[in-house]
Amino acid sequence: MDTTETITLTTETKKDWTEVHPRKYIIVPQNFIKIGYIHLSAFYGIYLCLTSAKWQTLIFTYICYVVTMIGVTAGAHRLWSHKAYKAKYPLQIILITFLSMANQRLTHWVRDHRTHHKYSDTDADPHNASRGFFFSHIGWMFVKKHPLVKEKGSQISLADLYQNPVVSFQHKYAPYMTKFFCFVLPTTVPIYFWGETLNNSWNINMMRYVLNMHFFFLVNSIAHIWGNKPYNQFIKSVENKFVTMATLGEGFHNFHHTFPHDYKSSELGHYTLNYTTAFIDFFAWVGWAYDLRTASPEGIARKADRDGDGTRKISNVDDYSNSNQTLIQHSECS
Ligand SMILES: [Zn+2]
Ligand SMILES: [Zn+2]
């Protein structure tokens, strides 16, 4: 099942699904305990940052935050979920390492994200924003998946990922890779290189991990609830500057759901807000990223004229007209 395929979810269909599978909130105790612990540790980490952490630890933690976010945005999201560009193996290895720092198994991330795009804001969407802010932000992690998420998610094709040796390796060794890169390595480096305490290092890294998690979750919650809809007012996803800043460029979410295969995930912002695009462009210059796909300016304008809410800011549109990127046809995936 290709992510470009569109489906029509009529009100009637949604109603039937809801009636067949009522929304139940069945708590998963181990998730509740895990999420509770990492949040307590993260709050303690904030306190330690303000009271006893070495300055090198703070800089190191910020760098870890940025590269982890890049692993999610440039890697799991734009490269592997949407195939918005292609990457040579060295770049793939960098990205999968960064993604492992987010404690994520790529194949699961992509399955959930492709399901999210295909069935946005319905009960088959893992973090269905129709169920409110808390559920779409983090509540969905506390409870058992809705039966439709399992049913529709299991039909999503991941064949392209399993054929990829870098992805297959991470899939096979994810429990070890994620624990090493997300917890062991970021905790050990400050202790070994500048004599940070174990207590500071562990809890401050936990703070970094939780911040990475929450900031990316903003894309699922805030960017599906509060903001404007310049490209398609008939879907829930919106443009939200705060989310863009927090996620290095993923808050142009109305654009993204309308043109999911655009590697910039936006037509706005240049590099000031969209550092993920800057990262991909840098590696395109190096030669490790190629076949960058972008929606045609004409297609974007046409779609915005037809379905947008009239808030498109064309004065700030990036000029890619002379670039050598591959223009893709407009394909909706809402
Ligand atoms: Zn996406
Ligand atoms: Zn979304």
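Points to keep in mind about this one:
- On the stretch given as the range 70-102, residues that are part of a loop (DSSP other than H, G, I, E, B) and either farther than 21 Å from residue 211 by Cα or acidic (Asp, Glu) (or both) total 5.
- Tally of residues being more than 16 Å from ligand 1 (Cβ to nearest atom), part of a loop (DSSP other than H, G, I, E, B) and surrounded by fewer than 23 Cβ atoms within 10 Å (Cβ to Cβ) across the range 124-150: 3
- Close pairs (9 angstrom Cβ cut-off, 6 or more residues apart or separate chains): surrounded by fewer than 17 Cβ atoms within 10 Å (Cβ to Cβ) in the range 168-195, modelled with pLDDT of 95 or more and among the basic types (Lys, Arg) anywhere: 175/105; 194/54; 195/54
- Some residue of the range 256-271 being closer than 29 Å to residue 46 by Cβ and hydrophobic (A, V, I, L, M, F, W, C): no
- Test: residue in the range 212-224 that is away from ligand 1 (no atom under 16 Å from the Cβ) and in contact with a Cys (Cβ under 9 Å, 6 or more places away or on another chain): yes
- Condition broken by residue 120, with the remaining ones in (1) within 16 Å of ligand 2 (Cβ to nearest atom); (2) surrounded by fewer than 22 Cβ atoms within 10 Å (Cβ to Cβ); (3) assigned to a helix (DSSP H, G or I) satisfied: (3)
- Single match in 211, 268 (criterion: of a type outside the set (Ser, Thr, Tyr) and modelled with pLDDT of 95 or more): 211
- Entry remark, the range 151-161: residues being in a helix (DSSP H, G or I) and either more than 26 Å from residue 234 (Cα to Cα) or in contact with a Gly (Cβ under 7 Å, 6 or more places away or on another chain) (or both) number 3 in total.
- Number of residues in the range 94-117 that are within 20 Å of residue 38 (Cβ to Cβ) and either away from ligand 2 (no atom under 13 Å from the Cβ) or surrounded by 23 or more Cβ atoms within 10 Å (Cβ to Cβ) (or both) equals 10.
- Test for residue 232: is it farther than 16 Å from residue 77 by Cα, assigned to a loop (DSSP other than H, G, I, E, B) and more than 15 Å from the chain's Cα centre (by Cα): yes
The values are calculated or read from the model by the stated rules, or taken from the named source; none is laboratory data. Bear in mind that the values here come from a model prediction, so they are computed numbers and not experimental data. Quick reminder, even Gly has a Cβ in these numbers, built from the backbone with ideal geometry, and neighbours come from all protein chains shown.
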